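First the structure, which I've put down as structure tokens, then a few questions once you've had a look.
The values are calculated or read from the model by the stated rules, or taken from the named source; none is laboratory data. All of these numbers come straight from a predicted model, not from anything done at the bench. Please note: Cβ atoms are built from the backbone with ideal geometry, for glycine as well, and neighbour counts cover all protein chains shown. The accessibility values were calculated without ligands, DNA or RNA, using every heavy atom of the protein model including side chains. Shrake-Rupley method; radii C 1.70, N 1.55, O 1.52, S 1.80 Å.
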Amino acid sequence: MLQGPAARRSAQFIPEMQKMTAPVVTRFAPSPTGFLHIGGARTALFSWLYARRHGGKMLLRIEDTDRERSTQAAIDAILDGLDWLGLSGDGAPLYQFARASRHREVAEQLLAQGKAYHCYATPEELTAMREQARKEGRPPRYDGRWRNATVDEIAQARAKGLKPVVRLKAPDEGETVVDDAVQGRVVFPNKDLDDLVLLRSDGTPTYMLAVVVDDHDMGVTQIIRGDDHLTNAARQTHIYQALGWDVPHMAHIPLIHGPDGAKLSKRHGAQGVEEYRAMGYLPEALRNYLVRLGWSQGDREFFTTEEMIEAFDLGQVHRSPARFDFAKLENMNGHYMRAMDDDALTERLIATLPYLPGGKAVQAQLNEEKRAQLRAAMPGLKQRAKTLVELLASADYLFAQRPLPMEPKAAELIARGKAHLPALRARLAALADWSVTSTEAAVRAQAEESGAKLGDLAQPLRAALTGKTTSPPIFDVLGVLGRTESLARIDDAIGAA
Ligand code: GLU
């Protein structure tokens, strides 16, 4: 495979050329055999950004031809994941399996034109060919023995009851060039690419044929997908050429690797997009993280969606695999949460509750009062949290039921500070007005009066109000919980100490 830097440079002009010719159509074509992989999500994002950048469309195609492994649950998970990420396709998805008769029709057309042929090679013969190739150190390749079969040979095979496959009569000399916007000019000697199967012996179309026919019929102008499909691009080019169809522009993007450099897999942690939702990442933060994974514009880290659309260019997609860095994603998410308006973040947390661990129990408790408390607590909560899961954990004290479950260390703090709690309670109870400021003044005054440090009072108070040793700022907690609930929790602690 040869790759030339000159072609890489020229590939950057492709978008300009396309503007002059056809409207840009990209597509995302997942196989519904599992969840929406984070790598697939990035491919979808690149396709989506490219389409938006050029005023085009991103279409969605569900490649469900593998009937054994495709499931409705996977289709639902993929559509849901794309929807959550804000990357739904334009228009209804197209289902590949439903188009099998169209794929067959195209294969029949190639047969009729002499550009494809029936091949009666038996599985044993194909195995022998592969073994022979291995012995000679060649890539396994079909030897083309039925390309020019005589009428007699065909009649004999039929008489034996053999069922043929349909193969493309691919060029066996020269080379096939994939002019890739990311990989540059990639050259494949045709002798390495054999006559691929278009229809299996039971008449079902192969994946390779289906992809070409669908991309053509959908008017796809730019194929953006993982670089594991690069060799397929050369084979698919043969099908386009045989049909006399324009080959769409291609961009094969490197796969995502884990922090250790190995292909991203289960052992690196979360892979499915829905897991990222359950871990409390915001879709806009994940989008920003994903766009920066393998693409850059200088050192710039943060992009709003509009800025991404404006800036995205395939010419700046890196050629080497990107490494997924969970810590970086977390920091980026924290940044997005802090930058978000408090009303919006409160609403987002509430909307995400069904997906967060423990979130359904909180959802069941939500009433007007709790919503208002959550909103009031938000400025304090969001300072400390990097994910919605952490945000929910620090809002725990709002939803905890009296008497609060106590962390053992919190119970110790209460035991140690029990001398201070009754007087502190009395001073707080005497406040005419209850606010963050007035409660803070009262706690400070009480500390001074009793000759104690602020922490000596604040720590047992925190434990009494939250059941924990860490929490959002304690005066925020007093303010948000309000007089009645705060005093009742302090009473519980005094009683238990
Ligand atoms: N269905 C293929 C996959 O999930 C993608 C095919 C393509 O993009 O051409 O890997």
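Note the full-extension length gain between Ala344 and Ala73 as 0.36 nm times their separation in residues minus their Cα-Cα distance, in nm to one decimal.
94.5 nm
Follow-up. Pull up all non-local amide H partners of Ile62: gap of 5 or more, or a different chain, and H-to-H distance under 5 Å with H placed in the peptide plane.
Residues meeting the amide H criterion: Leu94, Tyr95, Gln96.
I've got another one for you. What does the convex hull of the Cα atoms of segment 240-309 come to per residue, in Å³, rounded to a whole number?
Enclosed volume per residue, from the Cα hull, is 174 Å³.
Per-residue accessible area for Glu330 at 1.4 Å probe radius, Å² rounded to 10?
Here the accessible area works out near 60 Å².
When the helices in the chain are scored as -39500 (n - 2.57) per DSSP H run of 4 or longer and the sum is shared across all residues, what 222 nm value do you end up with, to the nearest 500 deg cm²/dmol?
Rounded to the nearest 500, the figure is -15500 deg cm²/dmol.
Over segment 155-200, give the accessible area per residue in Å² for a 1.4 Å probe, as an integer.
47
Could you tell me the distance between the Cα centroids of segment 432-497 and segment 375-430, to the nearest Å?
A separation of 9 Å, based on Cα centres.
At 0.36 nm per residue, and after removing the present C-alpha to C-alpha distance, how many nm does the segment from Trp245 to Phe97 gain when stretched out fully?
My answer for the length gained is 51.1 nm.
What ranking of Ser320, Ser435, Ser486 comes out by heavy-atom accessible area, probe 1.4 Å, highest first?
Result, largest first: Ser320, Ser435, Ser486.
Still on this structure: Residues of segment 465-497 with amide nitrogen under 14 Å from the 7 Å Cα-to-Cβ point of Asn331?
Nothing falls inside the zone, counting backbone N under 14 Å.
Could you pull out the GluC sites (Glu not before Pro) across segment 73-148 that fall in loop regions by DSSP (anything but H, G, I, E, B) with no more than 14 other Cβ atoms inside 10 Å?
In loop regions of segment 73-148 (DSSP not H, G, I, E or B), the sparsely surrounded GluC sites (Glu not before Pro) are Glu136.
Full extension from Ala432 to Ala400: what is 0.36 nm times the residue separation minus their Cα-Cα distance, to one decimal in nm?
Length difference between fully extended and current span is 8.9 nm.
Additional query: Go through segment 197-214 residue by residue and turn each phi into a ³J(HN,Hα) via Karplus (6.51, -1.76, 1.60, θ = phi - 60°); whole Hz please, and just put x for glycine and proline.
7, 9, 10, 6, 5, 8, x, 7, x, 7, 4, 4, 5, 4, 4, 5, 5, 5
Let me ask something else about it. In segment 419-497, which trypsin sites (Lys or Arg not before Pro) fall in coil by DSSP and have 16 or fewer other Cβ atoms within 10 Å?
Lys453
So what does log10 I(q)/I(0) come out to for the chain at q = 0.06, 0.13 Å⁻¹, using the Debye formula with one equal point on every Cα and no solvent?
Here log10 of I(q) over I(0) equals -0.43, -1.19.
Counting only heavy atoms of the protein chains, get the accessible area per residue of segment 386-469 (1.4 Å probe) and round it to a whole Å² value.
49
Once each part is reduced to its C-alpha centroid, what is the distance from segment 274-309 to segment 59-117 in angstrom?
28
About the Cα centre, and with charges only on the beta carbon of Lys, Arg (+1) and Asp, Glu (-1), how big is the dipole of the chain? Nearest 20 debye, please.
660
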